[in-house]
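Read the structure below first, then the notes.
The values are calculated or read from the model by the stated rules, or taken from the named source; none is laboratory data. As the structure is a prediction and not an experimental result, all values here were calculated from the model. As a convention, Cβ positions derive from the backbone with ideal geometry for all residues, glycine included, and neighbour counts pool all protein chains shown.
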Amino acid sequence: VQLQESGPGLVKPSETLSLTCGVSGFTLKGGYYWGWIRQPPGKGLEWIGSIYYTESTYYKPSLRSRVTISVDTSKNQFSLNLSSVTAADTAIYYCARHLLHVEMTPVRGYFDYWGPGTLVTVSS
Amino acid sequence: QSVLTQPPSVSAAPGQKVTISCSGSSSSIGNNYVSWYRQVPGTAPKLLMYDNNKRPSGIPDRFSGSKSATSATLGITGLQTGDEADYYCVTWSSSLISVVFGGGTKLTVL
């Protein structure tokens, strides 16, 4: 399983950040969610959201109003759109395969394969 | 401010044992599985432990995980200089309906 993020490395404030994660070696329809995680420079990891191939999604509550994650099963890739960006959105963005069983108690979940990450800088 | 609380740093000598704690609540760790990740600066995180105490293939048994009530612990024995990294705990928050990460712990092997 391999994941690779791609997209612009520089985005202007107030614009929309758009990234794509290409997946190889595993089908998006294989029973996993697919997630986005980011890491501001020098800081910790922050989950953004995850999507299932049926387009079922979960988003971090504080980002929900600005985030859209979509999936393209024909290209075996999924995408992240983050609108109205500010300097605080400058980060390394990672995509990852996400096992998530929310129908269970306890909820079971983990990220087992990650892309190498891509740095996105928000600046004019 | 993270929903899960980890110590910012821990340290120990080579060959020794270290534990990294992760404190949550009944709606997070208390009722859901915990996973742990290791991140060497400049590289992507790597899954270290899942389902509280299961190791993925290739992770040595020097690494162990446990959970009690609303806290989880990662243990590392026989410390090596190569174990220096940042370690993160992760779980699901049933109240937030969200994945939550700990703030991360920097391990230094003295």
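In the set (1) touching a Lys or Arg at 6+ places or on another chain (Cβ under 8 Å); (2) within 11 Å of chain B (Cβ to nearest Cβ), the condition left unmet by residue A:37 is number (1).
Contact annotation: residue pairs with Cβ atoms under 8 Å, 6 or more positions apart or on different chains, pairing a residue in segment B:33-45 that is within 7 Å of chain A (Cβ to nearest Cβ) with a partner that is among the small types (Gly, Ala, Ser) and in a loop (DSSP other than H, G, I, E, B), are B:44/A:115; B:44/A:117.
For segment B:56-85, residues that are within 12 Å of another protein chain (Cβ to nearest Cβ) and in a loop (DSSP other than H, G, I, E, B) total 4.
Restricting to segment A:83-107, what's the tally of residues that are touching a residue at least 60 places away in the same chain (Cβ under 8 Å), aliphatic (A, V, I, L, M) and within 23 Å of residue A:29 (Cα to Cα)? Spell out how you get there, then give the answer.
The first filter runs over segment A:83-107 and keeps only residues touching a residue at least 60 places away in the same chain (Cβ under 8 Å), leaving A:83-87, A:89, A:93-100.
Checking the rest, the ones that are also aliphatic (A, V, I, L, M) come to A:85, A:87, A:96, A:99-100.
In the following step, the residues that additionally are within 23 Å of residue A:29 (Cα to Cα) were identified as A:96, A:99-100.
Within segment A:83-107, residues that are touching a residue at least 60 places away in the same chain (Cβ under 8 Å), aliphatic (A, V, I, L, M) and within 23 Å of residue A:29 (Cα to Cα) number 3.
To keep it simple, each residue is scored yes or no on (1) touching a helix residue (DSSP H, G or I) at 6+ places or on another chain (Cβ under 9 Å); (2) surrounded by 23 or more Cβ atoms within 10 Å (Cβ to Cβ); (3) among the hydroxyl-bearing types (Ser, Thr, Tyr); (4) at pLDDT below 95.
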{"residue": "B:43", "(1), (2), (3), (4)": "no, no, yes, no"}
{"residue": "B:46", "(1), (2), (3), (4)": "no, no, no, no"}
{"residue": "B:55", "(1), (2), (3), (4)": "no, no, no, no"}
{"residue": "B:71", "(1), (2), (3), (4)": "yes, no, yes, no"}
{"residue": "B:80", "(1), (2), (3), (4)": "no, no, no, no"}
{"residue": "B:84", "(1), (2), (3), (4)": "no, no, no, no"}
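Every condition in (1) within 17 Å of residue A:35 (Cβ to Cβ); (2) touching an Asp or Glu at 6+ places or on another chain (Cβ under 7 Å) holds for residue B:107 except the one numbered (1).
Restricting attention to segment A:86-124, the residues being touching a Lys or Arg at 6+ places or on another chain (Cβ under 6 Å), more than 10 Å from chain B (Cβ to nearest Cβ) and of a type outside the set (A, V, I, L, M) number 2.
Do we find a residue being away from chain B (no Cβ under 13 Å) and charged (D, E, K, R) anywhere in segment A:42-50?
Initially, segment A:42-50 is screened for residues away from chain B (no Cβ under 13 Å), giving none.
Taking every residue of segment A:42-50 in turn, none turns out to be away from chain B (no Cβ under 13 Å) and charged (D, E, K, R).
The set of residues in segment B:64-100 that are in contact (Cβ under 8 Å) with a residue 24 or more places away in the chain, under 25 Å from residue A:100 (Cβ atoms) and under 10 Å from the mean Cα position of the chain (by Cα) comprises B:65, B:72, B:73, B:74, B:86, B:87, B:88, B:89, B:90.
Counting the residues of segment B:3-32 that are more than 23 Å from residue B:93 (Cα to Cα) and at the interface with chain A (Cβ under 9 Å from one of its Cβ atoms) gives 0. Only one entry of B:11, B:27 meets the criterion of being farther than 23 Å from residue A:117 by Cβ, part of a strand (DSSP E or B) and touching a strand residue (DSSP E or B) at 6+ places or on another chain (Cβ under 9 Å), and that entry is B:11.
Condition check for residue A:59 on (1) over 22 Å from residue B:36 (Cα atoms); (2) within 14 Å of chain B (Cβ to nearest Cβ): one failure, at (1).
Whether any residue in segment B:90-103 is more than 12 Å from chain A (Cβ to nearest Cβ) and either surrounded by fewer than 16 Cβ atoms within 10 Å (Cβ to Cβ) or under 14 Å from residue A:45 (Cα atoms) (or both) is what I want to check. No, every residue in segment B:90-103 fails to be more than 12 Å from chain A (Cβ to nearest Cβ) and either surrounded by fewer than 16 Cβ atoms within 10 Å (Cβ to Cβ) or under 14 Å from residue A:45 (Cα atoms) (or both).
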